[in-house]
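Chemist: Sharing a structure here in structure tokens format.
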Amino acid sequence: MIKGIGTDLIEIDRIKKAVLKERFTKKCYTINELNNFYYVDNINYNSLAGNFAGKEAVSKALGTGFSNVSLLDIEILRHPSGKPYVNLFGNAKLIADSLNINELLISISHNKTSASAFVIAQ
């Protein structure tokens, strides 16, 4: 049964500017997420923006926004196939458990300028 949905859209350039500040990346992304999108000579800004949109969408699907959930409570990684999946920690995990949410389905997409995410909590 669907217990919540969330969606978000963000401009990639906005995340690109923010990621250049180390404080932003430490506040928003887990070490596992950063390891997936930081390469020796390249940063995958499209995927970082997609993950940020995904975190926003997850917080909306939980019905809380970021008032009770930290960005670091939500981790979005990829299966070898590229399919994204969500790990919850801290308050996000507690909220999901209290709502009997045991699965978060996530879809992330981007074009040259924007990234979007859609989440179904069930």
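Chemist: State yes or no: is LYS93 within 21 Å of ILE15 (Cα to Cα) and without any contact (Cβ under 8 Å) to a residue 60 or more places away in the chain?
Modeler: Details: within 21 Å of ILE15 (Cα to Cα): no; without any contact (Cβ under 8 Å) to a residue 60 or more places away in the chain: yes.
Taking the combined requirement at face value, the residue does not satisfy it.
Chemist: Of everything in the range 108-122 that's among the hydroxyl-bearing types (Ser, Thr, Tyr) and in contact with a Gly (Cβ under 9 Å, 6 or more places away or on another chain), which residue is surrounded by the fewest Cβ atoms within 10 Å (Cβ to Cβ)?
Modeler: First, pick out the residues of the range 108-122 that are among the hydroxyl-bearing types (Ser, Thr, Tyr): 109, 113-114, 116.
This time we only want the ones that are in contact with a Gly (Cβ under 9 Å, 6 or more places away or on another chain), so: 109, 116.
Details: SER109: 13, SER116: 19.
Among those that are among the hydroxyl-bearing types (Ser, Thr, Tyr) and in contact with a Gly (Cβ under 9 Å, 6 or more places away or on another chain), it is SER109.
Chemist: Hey, any hits in the range 16-25 for a residue that's open to solvent by 20 Å² or more (accessible area, probe 1.4 Å) and either under 12 Å from the mean Cα position of the chain (by Cα) or at positive phi (or both)?
Modeler: No, because not a single residue in the range 16-25 is open to solvent by 20 Å² or more (accessible area, probe 1.4 Å) and either under 12 Å from the mean Cα position of the chain (by Cα) or at positive phi (or both).
Chemist: Specify the residue that is farthest from PHE118 (Cα to Cα); the eligible residues are those in the range 26-47 that are of a type in the set (Ser, Thr, Tyr) and open to solvent by 30 Å² or more (accessible area, probe 1.4 Å).
Modeler: My answer is TYR39.
Chemist: Limited to the range 55-106, what total is found for residues that are open to solvent by 60 Å² or more (accessible area, probe 1.4 Å), over 14 Å from ILE2 (Cα atoms) and in a loop (DSSP other than H, G, I, E, B)?
Modeler: Of the residues in that region, 8 qualify.
Chemist: I'd like to verify a number: residues in the range 49-86 that are at pLDDT below 95 and within 14 Å of HIS110 (Cβ to Cβ), how many?
Modeler: Number of matching residues: 2.
The values are calculated or read from the model by the stated rules, or taken from the named source; none is laboratory data. This one's a predicted model, so the numbers in the text were calculated from it and none came from an experiment. Cβ coordinates were reconstructed from backbone atoms using ideal geometry, including for glycine residues, and neighbour counts include every protein chain displayed. Calculation scope for accessible area: heavy atoms of the full protein, side chains included, ligands and nucleic acids excluded. Shrake-Rupley method; radii C 1.70, N 1.55, O 1.52, S 1.80 Å.
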